[in-house]
1. Using the per-residue mean of other Cβ atoms lying within 10 Å as a proxy for protection, in what order, highest first, do the peptides 252-261, 114-123 fall?
2. Testing the spin-label approximation: label points 7 Å from Cα along Cα→Cβ at residue 120 and residue 163. State their distance in nm.
3. Can you give me the distance in nm between label points at residue 328 and residue 231, each placed 7 Å from the Cα along the Cα-to-Cβ direction?
4. Counting other beta carbons within 10 Å of each Cβ, put 236, 72 in order, fewest first.
5. Cα centroid distance between the range 80-119 and the range 199-274, in Å?
6. Classify the range 74-224: rounded, prolate or oblate, from the alpha-carbon gyration tensor (a ≥ b ≥ c, eigenvalue square roots; a/c under 1.5 rounded; otherwise prolate if a/b is larger than b/c)?
7. Quick one: which of 143-152, 312-321 comes out on top by average Cβ neighbours within 10 Å, and what's the full order, highest first?
8. Less than 20 Å from a label point 7 Å out along the Cα-to-Cβ axis of residue 175: which backbone N atoms in the range 188-210 qualify, by residue?
């Protein structure tokens with residue numbers, strides 16, 4: 001699952017990426033490896049698409065998209081995009097889909113670790129003013145001001161981190177408040193907000209994004225859901241299986257780590273009230289530094305509920321093809 005709820009451009013521009021050597025451009029052999037490793041499927045076989053989405057995506061596969069290296073426009077490649085198959089909706093889909101799209105041998109958890117490591121390394125290079133910009137973006141995503149935002153959102157979430165070793169003590173404290181007559185969810189909200197870590201800055205984002213829903217995670221994710229009237233539910237994640245959904249900040253870090261652009265290809269349906277020509281669009285994420293390899297592509301089935309994007313990533317197979325004039329491709333990126 002994924003989160004596209006803020007403009008990460010601000011975060012990206014704030015980072016001063018660690019100095020990187022000028023590396024030579026690499027031919028798209030990694031993409032050819034990805035084509036071999038990822039099972040391609042035709043858009044006819046992809047479930048959950050409306051007819052207008054399917055037709056548009058088939059055109060992208062048949063005609064291809066033309067990519068130009070933004071830092072070296074003489075480098076041009078045409079890619080034919082096909083669906084790379086389903087991935088499990090376990091909260092790790094950004095990393096699983098990215099691993100498949102790039103044809104990497106490492107697993108999704110290692111990719112998550114490298115993403116967080118890149119973020120923390122770059123965070124150390126920013127000024128105090130820049131750090132506040134990053135912290136503000138993170139607060140907007142995970143510790144929003146519940147006095148505002150209701151014109152856009154029906155439900156807002158607050159994310160908290162509970163150490164696994166502290167869960168027994170937290171449960172005892174909640175039970176004490178219930179014994180005194182407080183409702184269970186109100187008691188849980190009170191204790192978790194008092195004793196858990198809010199995801200509201202770069203350091204806590206690193207802890208949060210490290211969580212993959214496995215027993216050896218250091219923290220469990222607690223989610224408080226609110227409507228404009230107040231607390232709606234408390235997801236206590238008692239089995240510890242909840243993983244941190246990849247967000248725009250994580251995608252920018254992935255792009256930087258692998259020195260390549262990432263395009264999220266989002267397909268909107270009739271609920272977004274768009275015509276067929278505009279029902280598929282590309283959201284670019286550029287690395288904070290040199291671009292040394294061709295881009296890779298991820299797919300999201302979009303929803304129109306607030307323009308915030310969908311919640312699940314799938315890999316796309318980007319197969320390089322013969323270079324043709326830009327008037328013959330489906331799209332110029």
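1. Ranked by mean Cβ neighbours within 10 Å, highest first: 252-261, 114-123.
2. Rounded to a tenth, the inter-label distance reads 1.6 nm.
3. 6.4 nm
4. Neighbour counts put them in this order, fewest first: 72, 236.
5. Centre-to-centre (Cα) distance: 14 Å.
6. Note, shape of the range 74-224 comes out prolate.
7. Final packing ranking: 312-321, 143-152.
8. 188-196
Laboratory data are not the source of any read-out in this text; all were calculated from the coordinates shown. All figures in this text were calculated on a predicted structure; none of them were measured in a lab. All Cβ positions, glycine included, derive from the backbone under ideal geometry; neighbour counts span all protein chains shown.
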